[in-house]
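The next block holds one structure in the form of structure tokens; read it before the comments.
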Amino acid sequence: MSRPVSSSRTAVIAGTLAGLLAAGLGAYYLQLHPPAAPNATPAPVNAPLAPGPAAAPAATTEAPAIRTRQQAAQTLMALPELKAWSVMIEKKSAGKTHGAVVEYDPAPRVVKGKRYWQLSFVENGAEAAERWESFLVSASDDEILVEDGATDELLSLKRWRKEYRPMERGNESN
């Protein structure tokens, strides 16, 4: 007869399985989106986003891509708000959860003829990731838009900072 499994052992097993799942998903993502070699020659501007005959050529009204998806994620994590949120999340959770930028749709979104990478800042825990904010980061210039979850309106960073005061998020009394 087998003995009962303790709750701490169950937590260790669950954590290990979550880690393995995350590693597997990371490997799958990297297989689909391999990182560019440091000295690689950039692809031509009109190169299709996906290989194969189904990929359509880029519209002529689109600005050339100067920022990759990975660079867009790095740009977001460099925002003072996201840096502060990450520190606060780790501090409040004693290092159990972390702030992260994740892609919520791999296909660039086109707004007024301009392509944007679709990314979200999340609180990434062992069991789930909670979305804090969603962003559109331009592939052709420095523009970053914030998606208002309540109205689906796209806000400039300046307007978002003024109206929502994101640096105060998480500093409310408990």
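If you go through segment 65-82 one residue at a time, do you hit one that is among the acidic types (Asp, Glu) and at pLDDT 95 or above? Step through it out loud before you land on a result.
Step one: of segment 65-82, the residues among the acidic types (Asp, Glu) are 81.
Okay, now just the ones that are also at pLDDT 95 or above, so 81.
Checking segment 65-82: at least one residue is among the acidic types (Asp, Glu) and at pLDDT 95 or above.
Tell me, which strands (runs of 3 or more DSSP E) wholly within segment 106-158 include 1 or more residues that are surrounded by fewer than 18 Cβ atoms within 10 Å (Cβ to Cβ) and at pLDDT below 95? Quick ask: steps written out before the conclusion?
Values: elements: 114-124, 129-138, 144-147, 154-156.
Once the strands (runs of 3 or more DSSP E) in segment 106-158 are filtered for at least 1 residues that are surrounded by fewer than 18 Cβ atoms within 10 Å (Cβ to Cβ) and at pLDDT below 95, what remains is 114-124, 129-138.
Looking at the structure I just gave you, is Glu62 at pLDDT 90 or above, under 18 Å from Val137 (Cα atoms) and surrounded by 13 or more Cβ atoms within 10 Å (Cβ to Cβ)? Talk me through it step by step, then tell me what you get.
Working: at pLDDT 90 or above: no; under 18 Å from Val137 (Cα atoms): yes; surrounded by 13 or more Cβ atoms within 10 Å (Cβ to Cβ): yes.
So Glu62 does not fit the description; no.
Quick one: is Glu163 in a loop (DSSP other than H, G, I, E, B), more than 13 Å from the chain's Cα centre (by Cα) and farther than 25 Å from Gln71 by Cβ? Steps first, answer last, please.
Values: in a loop (DSSP other than H, G, I, E, B): no; more than 13 Å from the chain's Cα centre (by Cα): yes; farther than 25 Å from Gln71 by Cβ: yes.
The answer is no for Glu163.
Pairs please, first residue from segment 79-92 and surrounded by fewer than 19 Cβ atoms within 10 Å (Cβ to Cβ), second anywhere and part of a helix (DSSP H, G or I) and hydroxyl-bearing (Ser, Thr, Tyr), Cβ atoms under 9 Å, 6+ apart in sequence or on different chains.
none
The values are calculated or read from the model by the stated rules, or taken from the named source; none is laboratory data. Model, not experiment: these values are computed from the prediction. Cβ sites come from the backbone with ideal geometry, for glycine too, and all protein chains shown count toward neighbours.
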